[in-house]
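Report on the following structure.
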Amino acid sequence: MNITSRLPEVGTTIFSIMSKLALEHSALNLGQGFPDFPVSAKLIELVHQQMKEGHNQYAPMPGALPLRKTIADVIEKTYRQKIDFETEITVTAGGTEAIFASISALVNSGDEVIVFDPSYDSYDPAIRLNGGVPVHLNLLPPNFSIDWNLVRSKINKRTRFILVNTPHNPAGAVLSHSDLKTLETLAAEHDLIVLSDEVYERIIFENKIHESVLKYPDLAKRSIAIFSFGKTFHATGWKVGYAIAPQHLTQEIRKAHQFITFSVNTPVQLALAEFLNDPENYLHLGKFYQQKRDFFLESIKGTSLQPLPCFGSYFQLLAYDERFKKSDREMAEWMTREMKVAPIPVSAFYKDQSDHRLLRFCFAKTEETLRKAGEILKKI
Ligand code: GLN
């Protein structure tokens, strides 16, 4: 049979490839981003309780009401922005679905979407599957900041969307107040929709403050902010996230969401609603992960691997030196097979073909895992 692939050059995601390789070679998996420590026993108990009480049928398409109410409450406390839980929140099957539903609902054929590389690997295919044209602009290392002059020079009549990510996966960069002000001005000037991936909103270090698009009322009017309970509550496998957007955008996002997943699993949503009510369950996440970042950095001291600045997310980039005549993909595979520790090669996050000689390590791991990884990396 003749099939014309819509994504001919796309293979399996790098996260699945590296996790499989890590498993095959019994390597420590610091590649795919997920915690190796348990979800709160209390949260698990809450899910169990909801199931036993019989909350096992479809949730409302936009999300369980108690969860949307609590989200609105938390958003107001955190970002001082009032959100209407009826018309501005959509609970999705993880951040990835929220991104996909937003793009499929709002990108029209031929629309240009500005994306900053390194970028999360789902953005580009999601745009292209929906007829959009991704325009990839590189962030400026070592801080991975946005070159706003470059952005200005790339905006034209076809530019419809700009996709930002803060705290940034894989670079660990965070956008500043001045970035958000520039974004606000540019988006208004050119009537752009802003898709803001903020799934690591609470994993931010050095007393930095997360600059959500929701904090800027003029920007919030034209933005979709994406969040993830997987990241905040160490439950990436539950696949629950949400999109916040003004009514006219939410209305469109829901049109796509209802035909992608329809609704998200009920007992987990109801349990999350209860768990989210207690700020103690999320307020200390930045400190928690900063300790892990520092523990990891300490455990790799003295190796030839050079850490890049990391202000948020649970990823640390490490640069390797010229002694290694390997591309980052070869380096990641070699480390997994021979050294038994798996990272993600950063070139997987770039459209350009140059080799960035950077590896991403996930430090959402127990100290024992991080210590073992450090011991291995010291031998490299
Ligand atoms: N967000 C996670 C990461 O960046 C993985 C997501 C996935 O495996 N699709 O590693």
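The values are calculated or read from the model by the stated rules, or taken from the named source; none is laboratory data. Since we're looking at a predicted model, the values are computed, not measured. Note: ideal-geometry Cβ built from the backbone for every residue, glycine included; neighbour counts use all protein chains shown. Side chains are part of the model used for accessible areas, which takes the heavy atoms of the whole protein and leaves out ligands, DNA and RNA. Shrake-Rupley method; radii C 1.70, N 1.55, O 1.52, S 1.80 Å.
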Inset, instruction - Within segment 250-263, track down each residue that is out of contact with any Asp or Glu (no Cβ under 7 Å at 6 or more places or on another chain), open to solvent by 10 Å² or more (accessible area, probe 1.4 Å) and aliphatic (A, V, I, L, M). - result: Ala256
Inset, instruction - Sort out which residues of segment 298-337 are among the hydrophobic types (A, V, I, L, M, F, W, C) and either closer than 27 Å to Asp197 by Cα or surrounded by fewer than 17 Cβ atoms within 10 Å (Cβ to Cβ) (or both), and write them in order of number. - result: Leu308, Cys310, Phe311, Phe315, Leu317, Leu318, Ala319, Phe324, Ala332, Trp334
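From Lys325, Lys365, grab the single residue that is farther than 28 Å from Thr166 by Cβ and either within 16 Å of the ligand (Cβ to nearest atom) or assigned to a loop (DSSP other than H, G, I, E, B) (or both).
Lys325
Is it the case that segment 331-350 has a residue that's on the phi > 0 side of the Ramachandran plot and of a type outside the set (Gly, Ala, Ser)?
Initially, segment 331-350 is screened for residues on the phi > 0 side of the Ramachandran plot, giving 340.
Those left that are additionally of a type outside the set (Gly, Ala, Ser): 340.
Yes, the conditions are met somewhere in segment 331-350.
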Inset, instruction - Say whether the condition of being open to solvent by 70 Å² or more (accessible area, probe 1.4 Å), within 18 Å of Leu370 (Cα to Cα) and not charged (D, E, K, R) is met by at least one residue in segment 32-50. - result: yes
Legend entry - Search result, residues across segment 156-203 that are closer than 26 Å to Ser347 by Cβ and of a type in the set (A, V, I, L, M): Ile162, Leu163, Val164, Ala171, Ala173, Val174, Leu175, Leu195, Val199, Ile203
Inset, instruction - Considering every residue within segment 295-302, establish whether at least one is closer than 30 Å to His48 by Cβ and not β-branched (Val, Ile, Thr). - result: no
Inset, instruction - Of the numbered conditions (1) within 17 Å of His234 (Cβ to Cβ); (2) within 15 Å of the ligand (Cβ to nearest atom), Val39 fails exactly one; give the number of that condition. - result: (2)
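Could you tell me whether Thr250 is β-branched (Val, Ile, Thr), within 23 Å of Asp111 (Cα to Cα) and either free of Cβ contacts under 8 Å to residues at least 40 places away in the same chain or not in a helix (DSSP H, G or I) (or both)?
Details: β-branched (Val, Ile, Thr): yes; within 23 Å of Asp111 (Cα to Cα): yes; either free of Cβ contacts under 8 Å to residues at least 40 places away in the same chain or not in a helix (DSSP H, G or I) (or both): no.
Against the criterion (β-branched (Val, Ile, Thr), within 23 Å of Asp111 (Cα to Cα) and either free of Cβ contacts under 8 Å to residues at least 40 places away in the same chain or not in a helix (DSSP H, G or I) (or both)), Thr250 does not qualify.
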Inset, instruction - Can you confirm whether segment 96-104 contains a residue that is over 21 Å from Glu252 (Cα atoms) and within 18 Å of the chain's Cα centre (by Cα)? - result: no
Inset, instruction - Report the residue count in segment 185-210 for those that are away from the ligand (no atom under 16 Å from the Cβ) and open to solvent by 30 Å² or more (accessible area, probe 1.4 Å). - result: 9
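Conditions (1) within 16 Å of the ligand (Cβ to nearest atom); (2) crowded, with 21+ Cβ neighbours inside 10 Å; (3) farther than 22 Å from Lys221 by Cβ, marked per residue:
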residue: Thr70; (1), (2), (3): no, no, yes
residue: Glu76; (1), (2), (3): no, no, no
residue: Arg80; (1), (2), (3): no, no, no
residue: Phe100; (1), (2), (3): yes, yes, yes
